[in-house]
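Asks: My structure is below; once you've seen it, I'll send some questions.
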Amino acid sequence: MTGRGRPGPFDLPQPGGRAPAPQPLRLVQDFVNTLDAEHGIDLLAEDAAGWLHAKGLGGGGPVRPAELARLVRVREALRALLLAHTPGGGPAGEAAEVLSAAAGPLRWRIDADGAVHPEAASAPGSRAVAAVLLGAVHRAQASGDWPRLKACPGPRCGWAFYDRSHGARSTWCSMDVCGARAKMRRYRAPR
């Protein structure tokens, strides 16, 4: 959403009518959701520079193919971490290695109210984006919100959603779509 509450050109609707994650985790959710696998939409592939600029992560200059490839690796590594938060999700060891390498060594700054932020200005391109995203993850870990950001395990989905359910037990981005498909697959499976 843009600042006034209206959808921006790079905002995709949340499935199942879910509310988006609170800030700063919303930025991580939006970044992971630049790929809408079910509908074949990849906002990074279509206009990475525009998306980064709209989200305050870049100056709007062109994104070179190597930088785009690094951004896609960061996105998919974050998705793997979010799948690990989902019931039945597996470990995300390789994803952690990708993210550690993507951000490189981070410097931190503390602002006047005591908030800790990654020093993204010291890192170029995709490293700066990874630093900002990992800073948001760090703040969400401290607040306890991080485990509630999950990725849908649906085979054609992977959508990042924020689980506001009691006990954070949701599995699917939308029970009406991905959850229903999973139930149908189990029903149709040979007995």
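The values are calculated or read from the model by the stated rules, or taken from the named source; none is laboratory data. Treat the numbers as computed from the prediction; the structure is a model and nothing was measured. Here Cβ is always computed from backbone atoms with ideal geometry, including for glycine, and neighbour counts include all displayed protein chains.
Asks: Only one of Glu76, Glu67, Glu94 is among the acidic types (Asp, Glu), within 15 Å of Asp30 (Cα to Cα) and either out of contact with any Leu (no Cβ under 6 Å at 6 or more places or on another chain) or in a loop (DSSP other than H, G, I, E, B) (or both). Can you tell me which?
Replies: So the residue among Glu76, Glu67, Glu94 that is among the acidic types (Asp, Glu), within 15 Å of Asp30 (Cα to Cα) and either out of contact with any Leu (no Cβ under 6 Å at 6 or more places or on another chain) or in a loop (DSSP other than H, G, I, E, B) (or both) is Glu76.
Asks: Is there a residue being modelled with pLDDT of 80 or more, within 29 Å of Asp163 (Cβ to Cβ) and either assigned to a helix (DSSP H, G or I) or under 20 Å from the mean Cα position of the chain (by Cα) (or both) anywhere in segment 101-110?
Replies: Yes, the conditions are met somewhere in segment 101-110.
Asks: Which residue is surrounded by the fewest Cβ atoms within 10 Å (Cβ to Cβ), if the candidates are limited to segment 47-92 and must be of a type in the set (Gly, Ala, Ser) and closer than 16 Å to Ala151 by Cα?
Replies: Gly88
Asks: Please go through segment 129-181 and pick out each residue that is modelled with pLDDT under 85 and not in a loop (DSSP other than H, G, I, E, B).
Replies: Met175, Asp176, Val177, Cys178, Gly179, Ala180, Arg181
Asks: Here is a follow-up. On the basis of being surrounded by 18 or more Cβ atoms within 10 Å (Cβ to Cβ), in contact with an Asp or Glu (Cβ under 9 Å, 6 or more places away or on another chain) and under 20 Å from Asn33 (Cα atoms), does Ala140 make the cut?
Replies: no
Asks: Right, another one. Within segment 28-55, which residues are in contact with a Ser or Thr (Cβ under 7 Å, 6 or more places away or on another chain) and under 21 Å from Val137 (Cβ atoms)?
Replies: Leu43, Leu44, Trp51
Asks: Another question, if that's okay. Would it be correct to say that Ala96 is buried (at least 17 other Cβ atoms within 10 Å of the Cβ), modelled with pLDDT under 95 and closer than 20 Å to Trp146 by Cβ?
Replies: So Ala96 fails the test.
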